[in-house]
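The numbers here are math on the coordinates, done by the rules we state, and not lab data. On a predicted model such as this, the values are computed, not experimentally measured, just so you know. A quick note on method: Cβ atoms are made from the backbone with ideal geometry, for glycine too, and the neighbour counts reach across all protein chains shown.
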Amino acid sequence: MKPFRVGIDAYSIKPLGLEPLGILDWALRNGAEGVQFSEGAAAADDPGRLRAIGERAAENRLYLEWGGAQHIPFDPRNGHPIDIAAVNRKAAEQAASLGLTTVRSCSGGLLRWPKDAVPTETYLREMAAALRSQRPLWTDFGITLALEIHFEFTTFELVRLFEMCDAAPGGYLGICLDTMNLLTMLEDPLAAAKRILPWVVTTHIKDGGIIDSSEGFRTFTAEAGKGIVDFPRILNTLSSLDRTLSLSIEDHGGDFSIPFNDPAFRAKFPDLNEGELGSLRALAEKTRRKMDQEGLAILDRAAWPGLCEERVARDIRTVRKLARETEAERA
């Protein structure tokens, strides 16, 4: 297997208010091997600034990954169209100028949570039409558009989207695998990672927990190695890929309410079967035990700025250790 590179997503240390070069320096000081600028970077329109980012990374042998793309061609709040082709061309040009081969896309939030939410099939249909038309853009630049597993679509739905786009793994569409966001989309992280594996080109390595609540479930982030995401087995799964993969740590505070007890909401997850629901309930029990016995707790987002620097530094050490253990096992 090719060794994992362990780095950070810049969003993790956003409260520090660092410029892109400062973020690269912070990563280097704390033992990271690279940075995913998943939102693009400040002053990215300035070719000189982009060149400086690339040069600083190259001088210190840090990997770079880029973002700033979108995949939903309209505003979910009002239905107004969005020219994502122009947005994506800009992101692709920036990435290409840095010699990169992926661009992360994230276009929404808890999209199916509102009672009057746009049907998922509408999103998929409109996205497929927009993304099919953009195939030449990404192909010409030699870049894969990496759709993040966010709070928009499940892995089942994203696989269907790729089929609607006549896409194949290794082509112009791929996945940024967020290991904790899967919980919020009611997926067992390990099972979902296996489902979407051929498409994974970048990652957000993030731990978390899931607990029963009066609404149904509640999910939350956790320090790497402290939650219930099965990193050893997920990393072993990812190690089967025949490409070099970066493990970009994303961490933050906060929690998410999932109104699973509402039949109308539950109906919006037609692919959720009893087997995977059973896995989620087992993970909820494991989370509760960790909260009772090991001090696992929900971290309020407001507390993140004061804790992010030390926690992300620990995340790096933990994930690096897990990555090296995986590599040793497969050697």
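A count restricted to the range 222-247 and to residues that are among the basic types (Lys, Arg) and crowded, with 19+ Cβ neighbours inside 10 Å stands at 1.
Taking the listed residues Glu285, Glu325, Glu250, Glu274, the one that is surrounded by fewer than 19 Cβ atoms within 10 Å (Cβ to Cβ), in contact with a helix residue (DSSP H, G or I) (Cβ under 8 Å, 6 or more places away or on another chain) and of a type outside the set (Phe, Trp, Tyr) is Glu325, with no other qualifying.
Taking the residues in the range 138-155 that are over 18 Å from Ile196 (Cα atoms) and in contact with a helix residue (DSSP H, G or I) (Cβ under 6 Å, 6 or more places away or on another chain) as candidates, determine which candidate is surrounded by the fewest Cβ atoms within 10 Å (Cβ to Cβ). Ranking the candidates gives Phe141 first. Would you be able to say whether some residue in the range 193-213 is among the charged types (D, E, K, R), closer than 20 Å to Ile72 by Cβ and either touching a residue at least 40 places away in the same chain (Cβ under 8 Å) or in a loop (DSSP other than H, G, I, E, B) (or both)? Scanning the range 193-213 turns up no residue that is among the charged types (D, E, K, R), closer than 20 Å to Ile72 by Cβ and either touching a residue at least 40 places away in the same chain (Cβ under 8 Å) or in a loop (DSSP other than H, G, I, E, B) (or both). Quick one: is Lys268 more than 14 Å from Leu182 (Cβ to Cβ) and touching a Pro at 6+ places or on another chain (Cβ under 9 Å)? Criteria met by Lys268. Look at the range 286-315: where a residue is under 17 Å from Tyr11 (Cβ atoms) and touching a residue at least 40 places away in the same chain (Cβ under 8 Å), no partner that is loosely packed, with under 12 Cβ neighbours inside 10 Å and not charged (D, E, K, R) sits 6+ places away or on another chain with Cβ atoms under 9 Å. Just so you know, in the range 156-176 the residues that are in contact (Cβ under 8 Å) with a residue 60 or more places away in the chain and within 22 Å of Leu245 (Cα to Cα) include one that is surrounded by the fewest Cβ atoms within 10 Å (Cβ to Cβ), and it is Gly174. Beta carbons closer than 7 Å, at least 6 apart along the sequence or on distinct chains, never pair a first residue in the range 60-72 that is free of Cβ contacts under 8 Å to residues at least 12 places away in the same chain with a second that is surrounded by 24 or more Cβ atoms within 10 Å (Cβ to Cβ).
The listed residues are Pro73, Pro114, and the only one of them that is more than 18 Å from the chain's Cα centre (by Cα) and buried (at least 16 other Cβ atoms within 10 Å of the Cβ) turns out to be Pro73.
For the range 185-242, the set of residues classified as closer than 25 Å to Arg112 by Cβ and of a type in the set (D, E, K, R) consists of Glu187, Asp188, Lys194, Arg195, Lys206, Asp207, Asp212, Glu215, Arg218, listed by residue number. Here Gly99 meets each of (1) on the phi < 0 side of the Ramachandran plot; (2) out of contact with any Lys or Arg (no Cβ under 6 Å at 6 or more places or on another chain) with one exception, condition (1).
Considering the range 276-331, the residues that are within 21 Å of the chain's Cα centre (by Cα) and not in a helix (DSSP H, G or I) include one that is farthest from Glu223 (Cα to Cα), namely Asp300. Evaluation of Ile13 against the conditions (1) closer than 30 Å to Arg125 by Cα; (2) buried (at least 22 other Cβ atoms within 10 Å of the Cβ); (3) within 17 Å of the chain's Cα centre (by Cα) shows that the sole unmet condition is (1).
If you go through the range 29-51 and keep only what is under 23 Å from Gly306 (Cβ atoms) and either surrounded by 14 or more Cβ atoms within 10 Å (Cβ to Cβ) or within 20 Å of the chain's Cα centre (by Cα) (or both), you end up with Asn30, Ala32, Val35, Ser38, Glu39, Ala42. Only one of the numbered conditions (1) in contact with a Lys or Arg (Cβ under 6 Å, 6 or more places away or on another chain); (2) buried (at least 24 other Cβ atoms within 10 Å of the Cβ) is not met by Ser257, and that is (2). From Leu131, Leu147, grab the single residue that is under 16 Å from Thr202 (Cα atoms) and touching a Cys at 6+ places or on another chain (Cβ under 9 Å). Being under 16 Å from Thr202 (Cα atoms) and touching a Cys at 6+ places or on another chain (Cβ under 9 Å) holds for just one of Leu131, Leu147, which is Leu147.
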